[in-house]
Number of protein chains: 2
Amino acid sequence: MKKGERLNMMLRFINQKQMFTLKDLMGKFQISKRTALRDIESLEEMGVPLYAEYGRYGGYRLLNSMTLPPISFTSHEVFALYFAMQALKSFASSPFQVSFSSINEKFLNQVTPKQREQIESLHKRVAFFHTEQTHKCDYLEELLLAAVENMGLEIHYSTPRRSTIRTIQPISIYAMRGYWYCQAYDLDKRAYRVFRCDRIQSLDVVDQEHNVDLKDFTIHNAHRLWSPTKHAIRFKCSITATGVEKFMQQQFPSMELVEEDEERFLSGTYEPEEMDFIIPYLASFGKSIRIVEPVSLKDCLKKYYIDLMDHL
Amino acid sequence: MKKGERLNMMLRFINQKQMFTLKDLMGKFQISKRTALRDIESLEEMGVPLYAEYGRYGGYRLLNSMTLPPISFTSHEVFALYFAMQALKSFASSPFQVSFSSINEKFLNQVTPKQREQIESLHKRVAFFHTEQTHKCDYLEELLLAAVENMGLEIHYSTPRRSTIRTIQPISIYAMRGYWYCQAYDLDKRAYRVFRCDRIQSLDVVDQEHNVDLKDFTIHNAHRLWSPTKHAIRFKCSITATGVEKFMQQQFPSMELVEEDEERFLSGTYEPEEMDFIIPYLASFGKSIRIVEPVSLKDCLKKYYIDLMDHL
DNA sequence: CTTATGGTGCCATTACTTGTCACCTTATTA
DNA sequence: TAATAAGGTGACAAGTAATGGCACCATAAG
């Protein structure tokens, strides 16, 4: 076996093990101790961050997390990755933020001046705009970790109205319309809730005693946990094609499109305290929506319009 | 020089040249013809897509576009890239779409089963949502190419109102709130215009005769080309902190925030035909905005509210 | 003090890489 | 049709890099 190929396999091996000894390498690759040492030297030259522990029960540790075998990209692929990265980079916060600068450096080191020019030229001609994030989120990585590891957290949560301490178990985090949200199970209220990440003032891991097993719930199905309270109000609106298009662009799990007698309706439920949110949302549909029921919602919307007219 | 290192340099060399002969390699790297041939064999084994042309004036061509020297990523970096890619992948159309599947394959080939599991687990716990694209765009790549190459295009452009043939010279394309837009110079109207890419029904390259040099205009400064027509109307609204936050999330080049006497205003111009757009936009601010001038705009907004109330 | 681990220097052996040379194939053009 | 310039193959000798074995050192745990 050629040395290069062996080093590549070694990289994978080290990746999986995280921790290994010279003996492991000697056995796995059928090489002498001397060669194993030389191979490790080569890997270190290639930039693999290894740390050696001396003495009995010693061995090697892979630092920083794993290093993968090199991947070769075509320049089209580099363009695509570069722009994907740029698109996310413009987020004020993201759990992957830290990696982007090192990736960028790697790309720019490998790319020829000509390609660099091409990238810059493309940079002037394409962009992915998204709703700007006006609030920074400090705990995205911790929330994500808690979601993956099924950990409980105690958070200090401040809305403009009030400030509370909650014990939650995160299920997922997601970015949407300029904000980061955290789907979680509220261990005190014993119910599914969504939190805005920028409103989390502080965060502590709590011991696992009271944790619930949420491994089966993911970002895609967690809203199944959500059940309207007994105060929830059902609503139904007829909706035009333009309205459907608008709804498709920003959906909510508590609402759905239904078709009855070749007419389309937007139907769902809302909690009384969500009024301040649902009224502007429905108003944003303009004439492309018409409230069928409840009449109270109609009245609220009317009041909203009158209020706005008074404000003019 | 070691073989590995030489192959790496060769990759860069081939990258720049796109086309080369054995003689080139022999000269550049001071190797014999036989070695050059053996190196090419190695490169081909590594997956570099080379094509040989026989006979006089023959040589090697690099297919597919260029291949870069392999880049080694940490798994954190792969996670970051993977999610960046996922975020863009969910666009119905993008000029980089084609590359994503090949990149995905490359990642999944290199990643260990354990890491794959981690990626999948992360996949269930993080997402970047953005306004869904409800319309497909067929000519993004062509438009981008035209923008980069300063080419003129004849497009068949259909709005719900009318269908026209335009001769344009694209400056940039960008995705925003669920739509792709194309900044361009309209060669017939001799003015800067923005087109919605999904409304472009067909597209043809026109000969370069009448082209304008737009190389200095980029996605970031093209709106300088935009000048209000003589029919444009100036407006000014006082705006609250909430309103500022909303405006920051979706800005328009024709509007700006100004501060006067410690009070903030949203100021700008609009064309009479943009009324249908600006009224719902201002309405979406709710009470966080108050029209100062013109009175006509105030009246229109009032009429809009009355109209909506009638529609209830 | 023993044991298990990493680490270094040296050298003979083995495996790979290279250059040379003769000769073949393919396409262009005088 | 012959000359030419490009890629392509096989064989072999010479050179270079990689390997294994060995003696021996350093460090830490028990």
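Of note:
- Failed item in (1) more than 7 Å from every other protein chain (Cβ to nearest Cβ); (2) touching a Cys at 6+ places or on another chain (Cβ under 9 Å), with A:Ile173 passing the rest: (1)
- Among residues of segment A:226-272 being among the small types (Gly, Ala, Ser) and closer than 30 Å to A:Ile171 by Cβ, the one that is surrounded by the most Cβ atoms within 10 Å (Cβ to Cβ) is A:Gly268.
- Set A:Ile219, A:Ile306: member being closer than 26 Å to B:Arg125 by Cα, outside any strand (DSSP E or B) and aliphatic (A, V, I, L, M): A:Ile219
- Tally of residues being in contact (Cβ under 8 Å) with a residue 40 or more places away in the chain and within 12 Å of chain A (Cβ to nearest Cβ) across segment B:128-150: 13
- Single match in B:Tyr157, B:Tyr174 (criterion: farther than 22 Å from A:Trp180 by Cβ, in contact with a Lys or Arg (Cβ under 6 Å, 6 or more places away or on another chain) and at pLDDT 90 or above): B:Tyr157
- Among the residues making up segment A:43-61, a single one is in contact with a Leu (Cβ under 6 Å, 6 or more places away or on another chain) and facing another protein chain (nearest Cβ under 10 Å): A:Pro49.
- Some residue of segment B:10-27 being within 13 Å of DNA strand D (Cβ to nearest atom) and under 23 Å from B:Ile103 (Cα atoms): yes
- Restricting B:Arg125, B:Arg61, B:Arg116 to residues that are within 16 Å of DNA strand D (Cβ to nearest atom) and at pLDDT 85 or above narrows the list to B:Arg61.
- Filtering A:Ser121, A:Ser99, A:Ser94 for residues that are more than 7 Å from chain B (Cβ to nearest Cβ) and of a type in the set (Ser, Thr, Tyr) leaves a single hit, A:Ser94.
- Only one of the numbered conditions (1) more than 28 Å from A:Trp180 (Cβ to Cβ); (2) of a type in the set (S, T, N, Q); (3) touching a residue at least 12 places away in the same chain (Cβ under 8 Å) is violated by A:Ser93, and that is (1).
Table: residues versus (1) buried (at least 16 other Cβ atoms within 10 Å of the Cβ); (2) under 22 Å from A:Gln86 (Cβ atoms); (3) touching a His at 6+ places or on another chain (Cβ under 9 Å).
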| residue | (1), (2), (3) |
| --- | --- |
| B:Glu5 | no, no, no |
| B:Leu22 | yes, no, no |
| B:Ile31 | yes, no, no |
| B:Glu41 | no, no, no |
| B:Ser72 | yes, yes, no |
| B:Ala80 | yes, yes, no |
| B:Ser90 | no, yes, yes |
| B:Gln97 | no, yes, no |
| B:Ser101 | no, yes, no |
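- Among the criteria (1) in contact (Cβ under 8 Å) with a residue 24 or more places away in the chain; (2) more than 14 Å from chain A (Cβ to nearest Cβ); (3) closer than 20 Å to B:Cys300 by Cα, the one B:Glu273 does not fulfil is (1).
- Number of positions in segment A:212-225 that are loosely packed, with under 15 Cβ neighbours inside 10 Å and more than 26 Å from A:Leu297 (Cα to Cα): 6
- Failed criterion for B:Phe235 (all others in (1) touching a residue at least 40 places away in the same chain (Cβ under 8 Å); (2) facing chain A (nearest Cβ under 10 Å) hold): (2)
- Helices (runs of 4 or more DSSP H) fully within segment A:1-95 that include at least 3 residues being within 9 Å of DNA strand C (Cβ to nearest atom): A:22-29, A:33-45.
- No other residue among B:Leu43, B:Leu7, B:Leu81 is within 21 Å of A:Ile71 (Cα to Cα) and more than 13 Å from DNA strand D (Cβ to nearest atom) apart from B:Leu81.
- Residue count, segment A:177-196 (criterion: in contact (Cβ under 8 Å) with a residue 60 or more places away in the chain and either away from every other protein chain (no Cβ under 14 Å) or closer than 18 Å to B:Lys124 by Cβ (or both)): 1
- Considering the conditions (1) within 21 Å of the chain's Cα centre (by Cα); (2) free of Cβ contacts under 8 Å to residues at least 24 places away in the same chain, A:Thr164 is excluded by exactly one of them, (1).
- When A:Met248 is tested against (1) more than 24 Å from B:Gln118 (Cβ to Cβ); (2) within 12 Å of chain B (Cβ to nearest Cβ); (3) touching a helix residue (DSSP H, G or I) at 6+ places or on another chain (Cβ under 9 Å), exactly one condition is not met: (3).
- Residue check, A:Ser32 near DNA strand D (Cβ under 7 Å from one of its atoms) and not acidic (Asp, Glu): yes
The values are calculated or read from the model by the stated rules, or taken from the named source; none is laboratory data. Computed from a predicted model, the values in this text were never measured in an experiment. All Cβ positions, even for glycine, are placed from backbone atoms using ideal geometry, and neighbour counts span all protein chains on display.
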